[in-house]
Amino acid sequence: MRELKILAIVIFFTLVTYWGVEPFAHSIMHPHHEPATFKYEDLKPLNKKGDPKRGMKAIVNNGCVGCHSIKAANVPAPMDPVTASASYGVNPPDLSLAGALYDEKFLANVIVNPAHAMKLDHKFGDNKPFPMPNFYGNAQDLADIIAYLKALAKHQQLTPKAAFINACGRCHDMKYDNWYVIGPKPKMDTELEKAEFNLKHAQYQANLKNYLGTNPPDLSMYIRSRGEEYIRDFVEDPQKLLPGTAMPRVGLTKEATYQVIEYMEKVGDRKKDKRNFLGAWVLLYFVIFSILAYLWKKQIWKEVE
Amino acid sequence: MAQFTKANSLYEWLDQRLALSKLWKVLAAEYWIPKNINFLWAMGVVLVTMFTILVISGIFLLMYYKPDTKLAFDSVNYTIMQEVWFGWLWRHMHAVAASVVFLVIYIHMFTGIYYASYKRGREMIWISGMLLFVTFSAEAFSGYMLPWGQMSYWAAQVITNLFGGIPFIGDDLVVWIRGNFYVSDPTLTRFFMLHVFLLPLVIMMLIGLHFYTLRIPHVNNQDGEEIDFDAEAEKYKAGLKKESKVIPFWPVFLSKDFFVLGIFMIFYFFLVFYHYDFAMDPINFDPANPMKTPPHIYPEWYFLWSYEVLRGFFFDVGPLSAMDIGLIAFGIANVIFFFIPWLDRSPVVAPAHKRGAFFYWFWALLIDMIILTIWGKLPPTGINAWIGFFASITFLLLLLVILPKITKKEAQRAGGAV
């Protein structure tokens, strides 16, 4: 009984200390924020019904393909990533999966006024216009474009990796999965090829830095350094968690966000399943060990007590 | 020269040459421990086990780790955590063991204080234990630098900077320790050397010394009773096992330790697999970036109490700057426990609950150190700064003033009786 009392005291003070330096300290260092809702309530909803069949025509008429590729519809990129980044700061996204990745309301708003929808008004304005011009076309065209993009995305499968590459991969490296802002690093045999790849990467990064003011970090270990919850809420509204950041709101749907997180977990915490599986067996081993040790102790101490 | 007869077995052959039976008797079968103990007496074996886990997991990590600022982070987080077979397990075990080993050290230390196991011939046990605590601290600090994450870098920057407060040689000393004007590649490589060679070597020698210091005064017991170990051992050997006040290290003492160890291992491996963030701070999964100061810089939890004593004095007093006062207090905090056997002026060896005022002093010290630990992590602003200040003052008063005072009174009360 006395031993249990001592144990209770030891556990109590250990838990108080743990509570103080972990949950309590972190609640003070990282103030609470509301979790992501993915509702994008500050944005105006789309008030017209679009026709996907007219969408492609509207896309061409409004000049979207002058900068954006739509590989799923055989529209190639007008420039390679490095050249594009030299012109716009960042390589404009391919639109094949846009209808699946981005919230419908966000998509409508980002076409009309990109800097505003991305919450980058503090960085762009009349003096420094956002690289993508605002949309001054008619509302029906807008609705048709969105209907088209959604229909197009339906025909393809959105994988976690594709979600990441499309939504994040033009600014962020993911080197633990061989992804770089200019594309995957190919298998290279000669020093010349390697130097060329590195040069392109460095050029792109320099353009990006010029555009954003800083180089976005490699995200390989972000699942461990930030955790799922922070990433989810940060992606939904970066300014809420890090006011003034150059990171745009990207307007992902809830599903696409979780796919991005799934991919980040696959890359940064690849052994999670193995860890969870093995843990149970190791614990079981020590439970059995403890039972046997207890029985042995009882037997031995019978003689002395 | 000894007489050697033909041996009938390999064991006998070795026994003739190495006196194995005698060695086993001296070290285990007839190494006597008091019977009147509780599970807190098993912390030594738990610590040996944790240290063994640290050494073995460390050896596996060492095979893949690269002590170079350009390679260190990826060698840990990619090569070891993802590529190497079970590398992630070794790293989790190493990191979590490094953290919980301090929990056990603190339990071990407070047990020693509670039962007054540092006096009446046991001073060297206490001192060698404190030497182990200090070298373990250095080992933990140097190890924390190796993954070269954000907190590795900034904790190293802040802690090495402290040496700059030493008069006259401070600035040169900082450069000498870092091997550069700031924390950089030479710093990482030399701390790597300290972590994998010099400090483990010193720790192993100190563990040997710590065990050796136990041999003459023997282990204390729950009531601080003075036991005639020779007489009690004779009783035990004569078969009066129930009447004897002692038990042999093997198998009686260890049989209980194994059980305690089993329970502890359940706790430890639960942390390794399912709850490791407290020991593997998420922020250290961001690569070190000298251009980007993290908003909060704090050491690992086991250094927080002394870190808070350092930060606690946040205003200048006369010619002394806040930084200097903090450093002096920090210096005192780091060596003060060495002197406990002499700060305690009473000859009474008894558990705290039989020592009157000392009992309240013990819990006050524990609670004060927990407050220092918690506030050591909080941002030192507003009311937090004052709580840290008062807790630091309390800490110094408890050890330097109150302890000698109450134990002197206790000695007077005990008079010549003890």
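Every number in this text was worked out from the coordinates using simple rules, so none of it is lab data. Note that the coordinates shown come from a computational prediction; the quantities given were computed from them, not determined experimentally. With ideal geometry, Cβ positions are generated from the backbone for all residues, glycine too; neighbour counts draw on all protein chains shown.
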Whose amide H sits under 5 Å from the amide H of A:Tyr180, counting only residues 5 or more places off or on another chain, with H placed in the peptide plane?
A:Met174, A:Lys185
Please pull out the direction-averaged projected area of region B:34-297, using the convex hull of its alpha-carbon atoms, in nm² to one decimal place.
16.5 nm²
Nonlocal amide H pairs with B:Ile33, under 5 Å, H built at 1.01 Å:
B:Ile247, B:Phe249
Helix-only mean residue ellipticity at 222 nm for the protein assembly as shown, each DSSP H run of n ≥ 4 adding -39500 (n - 2.57), per residue, nearest 500
-17500 deg cm²/dmol
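Order of A:Lys240, B:Lys245 from fewest to most other C-beta atoms within 10 Å? Mind dumping the intermediate values first?
Numbers: A:Lys240 14, B:Lys245 18.
Lowest count first: A:Lys240, B:Lys245.
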Most exposed first, judged by fewest Cβ atoms within 10 angstrom, A:Cys168, A:Cys64 run A:Cys64, A:Cys168
Between the helical axis of A:139-154 and the dominant principal axis of chain A, each derived from Cα atoms, what acute angle in degrees is found, rounded to the nearest 10?
50 degrees
Projected label distance in nm at B:Ile56 and A:Lys187, using a 7 Å step from Cα toward the beta-carbon:
3.9 nm
Kirkwood-based Rg/Rh on the Cα set of region B:12-73 evaluates to 1.26
May I ask you to sort B:Thr5, B:Thr394, A:Thr257 by Cβ crowding, counting other Cβ atoms within 10 Å and putting the fewest first?
B:Thr5, B:Thr394, A:Thr257
How crowded by other chains is B:81-89, given as the mean number of beta carbons from other chains within 10 Å of each beta carbon?
4
Provide the convex hull volume over Cα atoms per residue for region B:87-176, in Å³.
139 Å³
Between B:Ala28 and A:Gln203, with labels modelled 7 Å along Cα→Cβ, what's the label distance in nm to one decimal, could you check?
7.0 nm
A correct Karplus calculation of ³J(HN,Hα) over region A:189-195, with 6.51 cos²θ - 1.76 cosθ + 1.60, θ = phi - 60°, whole Hz and x for Gly and Pro, returns 9, 9, 4, 5, 4, 4, 5
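Evaluate Rg over Rh across region A:1-115, taking Cα atoms for both radii and Kirkwood's formula for Rh.
1.37
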How big is the protein assembly as shown by Rg and Dmax over its Cα atoms, in Å?
32.3, 110
Label zone at B:Leu209, where the point sits 7 Å out along the Cα-to-Cβ direction: region B:103-128 residues whose backbone N lies under 17 Å:
B:122-128
Summarise the long-distance tail of P(r) for chain A by giving the % of C-alpha pairs beyond 30 Å.
46 percent
In whole Hz, with x marking every Gly and Pro, tabulate ³J(HN,Hα) for region A:65-80 from phi via Karplus 6.51 cos²θ - 1.76 cosθ + 1.60, θ = phi - 60°.
6, x, 10, 9, 8, 9, 4, 5, 10, 6, 9, x, 6, x, 9, 6
Debye calculation, C-alpha points only, no solvent: report log10 I(q)/I(0) for region B:304-418 at q = 0.11, 0.22 Å⁻¹, in the same order as the q values.
-0.41, -1.13
B:Arg345's amide H: which non-local residues (gap 5+, or another chain) put their own amide H closer than 5 Å, with H modeled 1.01 Å from N in plane and none for Pro or chain starts?
B:Thr407, B:Lys408
For labels at B:Asp172 and A:Met1 in the simple 7 Å Cα→Cβ model, what's the distance in nm?
6.6 nm
Extension gain, B:Asp223 back to B:Glu83 (0.36 nm per residue minus Cα-Cα distance, nm):
45.1 nm
Computed ³J(HN,Hα) along region A:281-295: with the Karplus parameters 6.51/-1.76/1.60, θ = phi - 60°, integer Hz and x for glycine or proline, the list is 5, 5, 5, 4, 4, 6, 5, 5, 3, 5, 4, 4, 4, 5, 4
